[in-house]
């Protein structure tokens, strides 16, 4: 309901929230603001996303294959581009400014919410995927979500694998489902 108002109105609401968060120096308040903004990104797509998630059958691809498929989205190999909506672009722009250099805040949010809310066409998706690539390779990062690469193990049952799987389900499998529904299959 917040995002049904004009951008100026909801930005004022979040600016007041951010002032309260800054005054209290609470990461919890910032995480709640980020969650609300991410939910705002998916409000117009919510029904189709639920149908999409429910209809996705188990895929036998391993995490490495899923990871490569998600990375391919950045290079224009996805099959069904999702249309941009002005409100969604405004929210993502505001969220990107709010996050600034604190991209690690997204790691405090549910992987499925982040995957659903951030469209593959947005610069924020590129930043998020860049952090995943760093984590996947086991390179230095401000946040370490698992020690798989450090321990020379495959990412199977870790937070990184869950984040990759969520991106894969919503962006790769989801784009195939959307393309099929457009084609009338």
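Data for the structure
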| item | result |
| --- | --- |
| Hits in the range 60-91 (condition: in a loop (DSSP other than H, G, I, E, B) and at pLDDT 60 or above) | 60, 61, 62, 76, 84, 85 |
| Residue count, the range 1-34 (criterion: assigned to a helix (DSSP H, G or I), farther than 12 Å from residue 98 by Cα and at pLDDT 80 or above) | 7 |
| Residues (out of contact with any helix residue (DSSP H, G or I) (no Cβ under 9 Å at 6 or more places or on another chain) and either assigned to a loop (DSSP other than H, G, I, E, B) or at pLDDT below 65 (or both)) located in the range 123-157 | 138, 147, 150, 151, 152, 153, 157 |
| Contacts under 7 angstrom Cβ, first residue in the range 60-78 being within 19 Å of residue 135 (Cβ to Cβ), partner at pLDDT 85 or above and not in a helix (DSSP H, G or I), 6 or more apart | 73/120 |
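The values are calculated or read from the model by the stated rules, or taken from the named source; none is laboratory data. Being a predicted model, the structure only gives us computed values, none of them experimental. We place every Cβ from the backbone using ideal geometry, glycine too, and count neighbours over all the protein chains shown.
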